[in-house]
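J.: Here it is: the structure, laid out below.
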Amino acid sequence: MIVTTRITYLFDPLCGWCYGASAVLEKLVAGPDFAIDLAPTGLFAGTGARPMDDGFAAYAWSNDQRIARLSGQPFSAAYRRDVLGDHTRLFDSGPATLALTAVAVTAPGQEFAALKAIQGARYVEGRDITAVSVLSDVLRALGLQEAAHRLTTPDDGLLAAYRRRIEAAREEIRRFGIDGVPALITGVGESRRLVPGNALFGSLEVLVARLNGVSPDLPGTGTGRG
């Protein structure tokens, strides 16, 4: 009998390092040995949101190029022009986190696919995933009609679930002394332990080894702040 290990994945949908991590995470979730529980931290939501300006855009693009080299994930010219170049909207992950929460409460088995599609909309297609209209279109394209409807007409239940998820993720950050995302927590009960984000920027074999408690040499990534 196959025993599936559950992993808590701490992330933010506007974190470029988290987008880079999706490359190896997708391979991990495709197999039978691990199941991932998404835990959005709200790093760039609420008081964590900030204006997009020339300085921050240049900083983000510099990070993005390093992430691309380490992960192989694409960062398109459309993203640089239309997302980083748009200084009229906040850098705010609240709407995307709410969209993922809508998926979590209506079609939880599709949440990782929704995250991948939302990240692709931003970093590849150059679309504004701080806009509810864009996010609802992404969800509808995945066949997640109910989630899209909940997103565009958020009720008290959805908003409460959004707040609970962020608070639960932040409690994990406090408990394990995590200084940024992405990060993984694996194990159960007292045996739960942190697997740092740099494990997500090697091979699948290296990641599985870390999840199984083996500690091969890993490259530094500078993960943590988008």
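The values are calculated or read from the model by the stated rules, or taken from the named source; none is laboratory data. For clarity, every value in this text was computed on a predicted model and none was experimentally measured. A quick note on method: Cβ atoms are made from the backbone with ideal geometry, for glycine too, and the neighbour counts reach across all protein chains shown.
J.: Test of understanding: among 30, 58, which residue is surrounded by fewer than 16 Cβ atoms within 10 Å (Cβ to Cβ), more than 19 Å from the chain's Cα centre (by Cα) and without any contact (Cβ under 8 Å) to a residue 12 or more places away in the chain? Spell out the reasoning first.
T.: On the way: 30 fails: more than 19 Å from the chain's Cα centre (by Cα).
Matching residue, one of 30, 58: 58.
J.: From 210, 165, 225, grab the single residue that is charged (D, E, K, R), modelled with pLDDT under 95 and touching a strand residue (DSSP E or B) at 6+ places or on another chain (Cβ under 7 Å). Give the derivation first.
T.: On the way: 165 fails: modelled with pLDDT under 95; 225 fails: touching a strand residue (DSSP E or B) at 6+ places or on another chain (Cβ under 7 Å).
None of the other options fit; the residue is 210.
J.: Same structure, new question: List pairs: first residue in segment 68-91 and over 11 Å from residue 123 (Cα atoms), second residue of a type in the set (Ser, Thr, Tyr) and at pLDDT below 95 anywhere in the structure, Cβ distance under 8 angstrom, at least six positions apart or on different chains.
T.: Sorted first by the residue in segment 68-91, then by its partner, the pairs are 70/221.
J.: Collect the residues in segment 163-199 that are of a type in the set (Lys, Arg) and either under 20 Å from residue 22 (Cα atoms) or touching a residue at least 40 places away in the same chain (Cβ under 8 Å) (or both), keeping them in residue-number order. Quick ask: steps written out before the conclusion?
T.: Our first condition is that a residue be of a type in the set (Lys, Arg); within segment 163-199, this holds for 163-165, 170, 174-175, 192-193.
Within segment 163-199, 165, 170 meet the criteria.
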